[in-house]
Ligand SMILES: [Zn+2]
């Protein structure tokens, strides 16, 4: 039997208490990586001990394999209601796939308790299943790290109570998740990308991102300068974009490979094993690594991702949290997050305080309210992303007082000029080979003395 962490036990107990109080549909919010499916399985094991029939419903078929493993850890004997599995109506516990479940509902006996995994994934299948369960008197526990539908609709339509787990900050401080260093080395112009139903129109976005080879080149260069040797993944916008990214990383001397759902099984295995051995340093993907695909369970040993290059702009906080969650899995050194897709600006930083409710998200003038209160500042010198303050906590750069006039009259020109300067400055740092080179740059730019040490460490310069 798997032992829960104290914070997990606390949340499980809180859910049990609300059930005891008579709430029949409870939303359990917990951060990506906090172990939602483990906690839910613990609850189901408790119910099984009282001889209750239980279901665990997943929105995507590729999540079934992983759940099977988690159920086994809890010695939960089970069968499946999913395509490709024969139905055993006598089994007291089922892992179900929403799509199959929806089609078979009328032939099934409702369980006493059902867990709805990733319940922010709405859609007609989910609606039907949840409504049917409620009609049958089933107790429901919904799981989500980001309890809103993509449209911004709150989940109060299904759940009458929400219980929230520890924040990402807390999980990092208590060594349950890895700490991280957020950088935004480049921005992308998304002004021509349309938005529909709460996220970018995929076709527009695909076109925009596939055109921008400079951005991919930037991502490769940035990784090479600041993180070479660490295991990284790149999130891309389309399969084609992911293939382009792998090719450009390889051209830049970074051994990289692309993975998608259609990569043959044995090839996938070989790639992941080469990655674990650091023969490959980068995996690029479109959606494979965002949802459900577990590197470790694919090859049977742990594979730790240390760096993330984000080339996938999104307005979906759920998707963004999944992407960040992947690199925040516990490890000894802080994860590096390189945002090339304006996602810090869109969503804030991973550990920002977010206020979850069962109500709808409030629409604001600029779009959807994103549950965050603090805007993010991006350092023009080292690209560190941080909450607003007068200087950069990473390199000590002091922000100039912004001139309104300049931005109004010469805004565009100034921006282009600034970009050009930034790139030139970055290249200068990239080309520095010795401590003397770094000291010279520091003097010229008026940085704090610590900058030299930090840069030397990042670039592994010893003399
Ligand atoms: Zn800085």
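The values are calculated or read from the model by the stated rules, or taken from the named source; none is laboratory data. Every value quoted in this text rests on a predicted model; they were computed, and no experiment measured them. Note that each Cβ is placed from the backbone with ideal geometry, even for glycine, and that neighbours are counted across all protein chains shown.
Just to be sure before I move on: is residue 382 touching a helix residue (DSSP H, G or I) at 6+ places or on another chain (Cβ under 6 Å), surrounded by 15 or more Cβ atoms within 10 Å (Cβ to Cβ), modelled with pLDDT of 85 or more and not in a helix (DSSP H, G or I) in the structure I sent?
Working: touching a helix residue (DSSP H, G or I) at 6+ places or on another chain (Cβ under 6 Å): no; surrounded by 15 or more Cβ atoms within 10 Å (Cβ to Cβ): yes; modelled with pLDDT of 85 or more: yes; not in a helix (DSSP H, G or I): yes.
Taking the combined requirement at face value, the residue does not satisfy it.
Is there a residue being crowded, with 23+ Cβ neighbours inside 10 Å, assigned by TED's automatic domain parsing to the domain that holds residue 36 and farther than 27 Å from residue 348 by Cβ anywhere in the range 153-170?
The answer is no, given that none of the residues of the range 153-170 is crowded, with 23+ Cβ neighbours inside 10 Å, assigned by TED's automatic domain parsing to the domain that holds residue 36 and farther than 27 Å from residue 348 by Cβ.
Report yes if residue 284 is under 20 Å from residue 62 (Cβ atoms) and in contact with a strand residue (DSSP E or B) (Cβ under 8 Å, 6 or more places away or on another chain), otherwise no.
Working: under 20 Å from residue 62 (Cβ atoms): yes; in contact with a strand residue (DSSP E or B) (Cβ under 8 Å, 6 or more places away or on another chain): yes.
Answer is yes for this residue.
Out of everything in the range 66-75 that is within 21 Å of residue 104 (Cβ to Cβ) and in contact with a helix residue (DSSP H, G or I) (Cβ under 8 Å, 6 or more places away or on another chain), what residue ends up being surrounded by the fewest Cβ atoms within 10 Å (Cβ to Cβ)? Don't jump to the end; show me each part of the working.
Our first condition is that a residue be within 21 Å of residue 104 (Cβ to Cβ); within the range 66-75, this holds for 67-68, 71.
Applying the additional criterion that residues be in contact with a helix residue (DSSP H, G or I) (Cβ under 8 Å, 6 or more places away or on another chain) yields 67, 71.
On the way: 67: 23, 71: 20.
This residue is 71.
State all residues of the range 385-396 that are more than 9 Å from the ligand (Cβ to nearest atom) and either farther than 21 Å from residue 424 by Cα or surrounded by fewer than 17 Cβ atoms within 10 Å (Cβ to Cβ) (or both); if no residue qualifies, say none.
First, pick out the residues of the range 385-396 that are more than 9 Å from the ligand (Cβ to nearest atom): 385, 387-390.
Listed by number, the residues that qualify are 387, 388, 389, 390.
Restricting attention to the range 348-367, does a residue exist that is over 23 Å from residue 321 (Cβ atoms), surrounded by 11 or more Cβ atoms within 10 Å (Cβ to Cβ) and either modelled with pLDDT under 75 or more than 16 Å from the ligand (Cβ to nearest atom) (or both)?
Here is the first cut: in the range 348-367, the residues over 23 Å from residue 321 (Cβ atoms) are 365.
Right, trim to surrounded by 11 or more Cβ atoms within 10 Å (Cβ to Cβ) and you get none.
No, the range 348-367 has no match at all.
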